[in-house]
Amino acid sequence: MAQAKIHQAKMTEAAKGKFCRSMSMADRSGRLLETLDQLEIRVEALREAATSMEQERECLLDLIQSLKNSEEMRSICDGEREELSLTANRLLGRTLTVEISVETIRNSTQEDALNKATSLIDEIAAKLNDDMDSARKRLMALHAACVTEAPPVPIDTKFQTIVITCALEDQKKIKKRLETLIRNVDNAEKNIKMMDHQKVDYMDRANGK
């Protein structure tokens, strides 16, 4: 009888010890999980910051290239144009020294869709100087395919199908790039109108009007 009580007491103590150890492991596991949750928040914040910097880099490159190829740049004298081109090239070179890479996990279908979308945008961007108005309309149609609200312009449904197939992060980058290109075109058109207005004023003054 006494031996039975002793055995029962030992079993009870063992069970208590096991229970305490389990609780301790659960506490440690909980703390580790909480730490990982906090780290995940910081990782996502890092990716967002890096993505923002990556987009700023692309925006600067587009702006510098647009300035170099602008009508305003072509309208000034050779000496001034050469000096300004040197400055623009210096800024372009310094911008290119900044390398930021945020890798997006893609499957083969998403990779193919991204390449198609990029090629279409590059094709239009290359024709901006030849026909700015037509290129802007095409850019607007591509951008309309990237927004959820009803756009005031026709949608390029073919491009929309391609964009939907892209990874979510790539969809955001494509939309951002199109917005940057459209903004650059608008700025270039404003500069051209301003220059035309200045030319008219100059000719009027020259003719005594």
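Take peptides 102-110, 116-124 and line them up by average Cβ neighbours within 10 Å, highest first, as a rough protection proxy.
Working: 102-110: 11.8, 116-124: 15.7.
The densest-packed peptide leads the list: 116-124, 102-110.
Between LYS172 and ASP122, what is the spin-label point distance in nm, taking each point 7 Å from the Cα along the Cα→C-beta axis?
It is 2.4 nm.
Across the range 39-88, how large is the tail of the calculated P(r) beyond 14 Å, expressed as a percent of all Cα pairs? Each step should come with its number before you reach the end.
On the way: 783 of 1225 pairs.
Here the tail beyond 14 Å accounts for 64 percent of pairs.
For a quick size check, give me the Cα extents of the range 119-171 along its three principal axes, largest first, whole Å.
In descending order, the Cα extents are 32, 24, 16 Å.
Quick one: length gained pulling GLU149 to GLU72 fully straight, 0.36 nm per residue minus the C-alpha distance?
Stretched fully, the GLU149-GLU72 segment lengthens by 24.2 nm.
Over the range 52-139, consider all pairs of different Cα atoms and compute the Kirkwood hydrodynamic radius from their mean reciprocal separation; express it in Å, one decimal. Display every interim value, and only then the final one.
Values: mean 1/r = 0.0649 Å⁻¹.
So the Kirkwood estimate lands at 15.4 Å.
What FRET efficiency comes out for SER24 versus GLU44 if R0 is 41 angstrom and r is the Cβ-Cβ distance? Round to the nearest 0.05.
Working from the Cβ atoms, E equals 0.85.
For ASN129, put the label point 7 Å out on the Cα→Cβ axis and report which residues of the range 74-97 keep their amide N under 13 Å from it.
Residues passing the 13 Å test: 74-75.
Read-outs: derived from the displayed coordinates by stated rules, not from any lab. Because the structure is a prediction, the values reported are computed rather than measured. Here the Cβ is made from the backbone with ideal geometry for all residues, glycine too, and neighbour counts use every protein chain on show.
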